[in-house]
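J.: Below: one structure in structure tokens.
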Amino acid sequence: MTKSTNGYKTAHINPKKGFRIHLLVFLLVTPIIWLVWYVTDRTYPWPLWSTPAWAIGVLFHYLGVYVFRQSANK
């Protein structure tokens with residue numbers, strides 16, 4: 001579905017699809033980050049900082065789409 005505002009077309013925003021894309025990118029990129037760490041320098045496990053931080057972002061994205069959005073509509 002597209003809307004036309006002042007001659008510009010905007011796409012319909014689907015929050016559930018946005019979350020699924022975010023989760024898919026997280027699941028695909030995280031192993032690559034760990035592989036880069038493993039192949040390069042294994043002295044300090046720097047992905048231990050980015051992986052949980054990104055996971056928390058995915059968790060809050062999930063909560064915003066599926067938990068808090070539904071309670072606001074009631």
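J.: Could you please find all residues in the range 46-68 being under 17 Å from Ile32 (Cβ atoms) and not small (Gly, Ala, Ser)?
T.: Trp46, Pro47, Leu48, Trp49, Thr51, Pro52, Trp54, Val58
J.: Additional query: Can you give me the ranges of the helices (runs of 4 or more DSSP H) entirely in the range 15-74 with at least 1 residues that are of a type in the set (D, E, K, R)?
T.: The helices (runs of 4 or more DSSP H) meeting that bar are 15-39, 68-73.
No lab work stands behind these numbers, since they all come straight from the coordinates. Keep in mind the model is a prediction, meaning the values are calculated, not measured. All Cβ positions, even for glycine, are placed from backbone atoms using ideal geometry, and neighbour counts span all protein chains on display.
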